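Below you'll find the structure, written out as structure tokens, and then a few comments.
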Amino acid sequence: MGNVNRVRAPDAAGYDTDLYQWAMDQAARLRALAVPGLDTANLAEEIESVGRSQRRELSSRTTLLLLHLLKWQFQPEQRGTSWISTIDEQRDQIAGILADSPSLRPGMPAMLASVYQRGAVRASRETGIPTTAFPASCPWTLEQVLDEDWLPTD
């Protein structure tokens with residue numbers, strides 16, 4: 001194929017700095033086009049799915065992180081390196097998603113509140129501890145949850 005020089009549109013730079021915002025913007029722009037023979041509606045949907053995928057992965061990883069933080073706090077006798085590894089991995093992956101798509105960060109407090117219940121239900125299933133034993137809402141701040149040096153205490 002050889003060396004091909006690609007010219008990027010001025011607004012394509014957002015792809016490198018905020019994938020989620022870029023995908024949402026590009027999908028909106030595609031929907032506004034009317035190009036004969038170009039399936040703009042489905043192209044826009046596919047591009048938008050890239051952004052939704054980022055948000056879903058962030059939600060999933062946050063749920064898993066909360067699950068392990070709850071297990072850490074409520075089962076101190078079970079603490080081990082595998083839990084720490086999972087906590088560290090989820091924090092690293094969340095940081096990576098937020099680096100790729102910083103426009104998702106402002107929604108993190110609301111996401112934390114909404115996925116906490118899923119984390120608590122999963123923690124209950126894995127530990128046998130009734131969900132009523134866990135706080136009704138997330139007892140930690142977003143900063144604590146994402147802080148690589150923080151773990152909940154007993």
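Numbers at a glance
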| quantity | calculated |
| --- | --- |
| First in the range 32-53 and over 20 Å from Y20 (Cβ atoms), second anywhere and not hydrophobic (A, V, I, L, M, F, W, C), Cβ under 7 Å, 6 or more apart | L33/T40; T40/R31; A41/R31 |
| Helices (runs of 4 or more DSSP H) completely within the range 44-154 that count 3 or more residues being of a type in the set (K, R) and modelled with pLDDT of 95 or more | 108-127 |
| Of the criteria (1) of a type outside the set (A, V, I, L, M); (2) out of contact with any helix residue (DSSP H, G or I) (no Cβ under 8 Å at 6 or more places or on another chain); (3) surrounded by 12 or more Cβ atoms within 10 Å (Cβ to Cβ), which one G128 fails | (3) |
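One line per residue, one yes/no per condition, for (1) surrounded by 14 or more Cβ atoms within 10 Å (Cβ to Cβ); (2) charged (D, E, K, R); (3) within 30 Å of D25 (Cβ to Cβ):
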site: L69; (1), (2), (3): yes, no, no
site: S103; (1), (2), (3): yes, no, yes
site: L112; (1), (2), (3): yes, no, yes
site: V115; (1), (2), (3): yes, no, yes
site: T132; (1), (2), (3): no, no, no
site: D147; (1), (2), (3): no, yes, no
site: T153; (1), (2), (3): no, no, no
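The values are calculated or read from the model by the stated rules, or taken from the named source; none is laboratory data. On a predicted model such as this, the values are computed, not experimentally measured, just so you know. Methodologically, a virtual Cβ is constructed for each residue, glycine included, from the backbone with ideal geometry; neighbour enumeration extends over all protein chains shown.
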